[in-house]
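What follows draws every value from the coordinates through simple rules; no lab data is involved. From a predicted model like this one, the values you see are computed outputs, not experimental measurements. Methodologically, a virtual Cβ is constructed for each residue, glycine included, from the backbone with ideal geometry; neighbour enumeration extends over all protein chains shown.
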Amino acid sequence: MFHAEINRTLTAAVNLMNTAEGLHSAKPSPDEITSIESLRKFVAAQDPELKWPSSGLGRSQVDGIIELRDTLREIWSAAPIAGGRPVEQINELLDGVSTKLVRTDETSTTPEYRAAPIPVSGQLVDVVTAAVGDALKFLLVNDETSRMRTCRGDDCDAAIIDLTRNRSKLFCDFGNCANRAHVRAYRARQAALREAGKQALKESETGDKLAKPSAAEKAAELDEPTSESGVAAKQFRSAMRDELMDQRDTKGGKKKKKKKNKK
Ligand SMILES: [Zn+2]
């Protein structure tokens with residue numbers, strides 16, 4: 001959707017947020033970053049093009065990444081971002097981060113450049129903070145923070161990033177959130193239809209009882225119509241009566257003529 005670098009950074013940011021303890025597609029998910037080893041495992045599982053360092057990690061890096069994860073979650077849950085605290089938080093992530101120009105595509109014949117973040121140090125927390133801060137800045141500057149979402153599935157708090165052109169991603173990829181939501185929506189529609197049917201039936205029954213006029217009322221209405229439709233009906237009835245009378249006369253005349261011819 002965006003530059004490849006922004007896409008992979010946002011994807012990795014979502015992966016990082018989803019390592020926190022929570023519910024993924026109705027299943028409890030434990031905290032996945034609790035040790036240096038688990039942090040190394042997480043980094044190794046991300047896109048190698050990110051070039052996030054996985055060596056020389058210590059406890060301070062684990063704590064720093066967990067803190068960053070909490071901040072990211074806070075910013076993410078405030079999306080779409082209109083201002084206030086989330087913007088301050090993004091600025092804090094970018095504190096001390098400068099930029100340099102890099103080619104977006106090394107193989108392209110026409111060079112295109114973008115401003116890539118320079119972290120304050122080569123340590124994992126600083127590298128990730130600079131990359132993620134830069135990606136969030138990109139979303140904010142381009143008014144695309146509504147793409148920062150939480151899965152719409154029931155019992156699911158997974159963070160998602162919508163990188164689709166038509167902004168259609170609403171569910172995570174952990175389980176069957178999309179499918180569960182469709183089944184639920186289908187059942188809700190069926191229940192609503194059944195309920196509407198019952199209600200309509202009830203209304204027609206009680207409506208009949210309430211609205212049914214007595215025979216005397218009907219006769220009175222026919223004779224002295226009070227409503228517009230009643231007046232129209234009376235006019236129609238008398239018009240029909242006149243027509244019938246005319247027809248009868250004509251037929252009678254014809255019959256008489258025929259009889260005359262036979263004689
Ligand atoms: Zn989900």
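Testing the spin-label approximation: label points 7 Å from Cα along Cα→Cβ at residue 183 and residue 7. State their distance in nm.
3.2
Whole-Hz ³J(HN,Hα) for each residue in region 56-68, computed from phi via Karplus 6.51 cos²θ - 1.76 cosθ + 1.60 with θ = phi - 60°, x for glycine and proline: what do you get?
Those phi angles translate into x, 7, x, 4, 5, 5, 4, 4, x, 5, 5, 5, 4 Hz.
Arranged from highest to lowest average of other beta-carbon atoms within 10 Å per residue, in what order do the peptides 136-145, 43-52, 115-124 appear?
Averaged packing, sorted descending, gives the order 136-145, 115-124, 43-52.
Of the listed peptides 84-97, 1-14, what is their order by residue-averaged count of other C-beta atoms within 10 Å, with the highest listed first?
The packing order, highest mean first, is 1-14, 84-97.
Determine the alpha carbon to alpha carbon distance for each of 27/51; 27/169; 41/100 and list only those over 24 Å.
Table pairs above 24 Å Cα-Cα are 27/51; 41/100.
Could you check the spin-label model distance between residue 99 and residue 82? Points 7 Å from the Cα along Cα→Cβ, value in nm.
So the two model labels end up 2.7 nm from each other.
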